[in-house]
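Report on the structure given below.
The values are calculated or read from the model by the stated rules, or taken from the named source; none is laboratory data. Note that the coordinates shown come from a computational prediction; the quantities given were computed from them, not determined experimentally. Cβ coordinates were reconstructed from backbone atoms using ideal geometry, including for glycine residues, and neighbour counts include every protein chain displayed. Each accessible area value is taken on the protein alone, full model and side chains, heavy atoms only, with ligands, DNA and RNA left out. Shrake-Rupley method; radii C 1.70, N 1.55, O 1.52, S 1.80 Å.
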Amino acid sequence: MKKLSQSSSHHKPVGGVRAVALSATDNIAEVQFAAGGVLCTSLKFVDDDAVMECSLLEEGSCYEEEILPDGLAVAVKHRLILTSDRNLAEAWLEPDFRLEGLYRGLCAIVTLNDGRKLLVGYSERFEAQQPLRIVSIKNSSEQRCSDVPTVVLVLENYDTSEAPIIVTD
């Protein structure tokens, strides 16, 4: 039996999400993949101004990949939970954003605290056919006067592979 060993990755052993940018999947002009879809080597948008940089609360957001084997088939559930100050997340509450996130679909560039950047909601196999969709938007006043009112946006999609690492920088 093989012994589990430490990863040979050069990334810092920290969790969490540092930054997220969201875009409609139909705003993607070009994507190139390498290493069987594991790496995203080129990512260009039709309109860079249509890419929304999200203002996130520190230590309030996370990205999850859940591998769901079903016999010989494998699905990967991608879940992005974003938490923002209510005053900085007005765009998430707009009807146009909700329609886009529910029906057209979104992709996300997720920068993790360990330095990796992931492309979520767009893959080599499915391209824009399995985008992130809004699961919920929670607008909370919080409980204490000193609490910051928050908005929590939950996005999800299913694919057959993990999110590719962006290496275009």
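Where a Cα-Cα gap under 17 Å defines reach, which aspartates and glutamates qualify for Lys44, not counting those fewer than 8 residues away within the same chain?
Asp26, Glu30, Glu53, Glu124, Glu127, Asp169
Whole-Hz Karplus ³J(HN,Hα) for region 30-42, in order, using 6.51 cos²θ - 1.76 cosθ + 1.60 and θ = phi - 60°, x for Gly and Pro?
7, 9, 10, 10, 9, 6, x, x, 6, 10, 9, 9, 8
Could you give the length gained by full extension between Glu142 and Gln129, i.e. 0.36 nm per residue of separation minus their alpha carbon distance, to one decimal place?
Separation in residues times 0.36 nm, less the Cα-Cα distance, equals 1.0 nm.
Can you compute the charge dipole magnitude of the chain about its Cα centre, using +1 on each Lys and Arg Cβ and -1 on each Asp and Glu Cβ, nothing else charged? Give it in debye, rounded to the nearest 20.
640
What does the helix-only formula give at 222 nm for the chain: each DSSP H stretch with n ≥ 4 adding -39500 (n - 2.57), the total divided by the residues, and the result rounded to the nearest 500 deg cm²/dmol?
-500 deg cm²/dmol
I'd like the distance separating the alpha-carbon centroids of region 77-129 and region 17-56, in whole Å.
Each part reduced to its Cα centre gives a spacing of 10 Å.
Show me, for region 151-165, the HN-Hα J-couplings you get by feeding each phi into the Karplus relation (A = 6.51, B = -1.76, C = 1.60, θ = phi - 60°), rounded to Hz, glycine and proline as x.
For region 151-165, the Karplus curve yields 10, 10, 10, 10, 10, 8, 8, 10, 8, 10, 9, 6, 5, x, 7 Hz.
Of the chain, which part is the longest with no trypsin sites (Lys or Arg not before Pro) in a loop (DSSP not H, G, I, E, B) and with at most 12 other C-beta atoms within 10 angstrom?
Longest run free of exposed loop sites: 4-124.
Contact order normalised by length for the chain, with contacts defined as Cα pairs under 8 Å and 6 or more residues apart; what percent is it?
28
Taking H as built 1.01 Å from N, whose amide H comes closer than 5 Å to the amide H of Phe33, not counting residues under 5 places away?
Thr41
Taking a ≥ b ≥ c as the square roots of the eigenvalues of the Cα gyration tensor of region 104-167, is the shape rounded (a/c under 1.5), prolate (a/b larger than b/c) or oblate?
Oblate, since a/c reaches 1.5 and b/c is not below a/b.
Only bridges with both residues in the chain count here: give the DSSP antiparallel percent, nearest 5.
95
With the full set of protein chains in place, find how many percent of the accessible area of region 33-169 is carbon and sulfur; take the probe as 1.4 Å.
Roughly 48 percent, rounded to a whole number.
Can you tell which of Val38, Val120, Val154 shows the greatest fluctuation in a Gaussian network model of the chain with Cα springs below 10 Å?
Judging by the Gaussian network model, the answer is Val38.
Cut-off 15 Å, label point 7 angstrom out along Cα-to-Cβ of Glu66: give me the residues of region 81-110 whose amide nitrogen falls inside.
From region 81-110, the list is 81.
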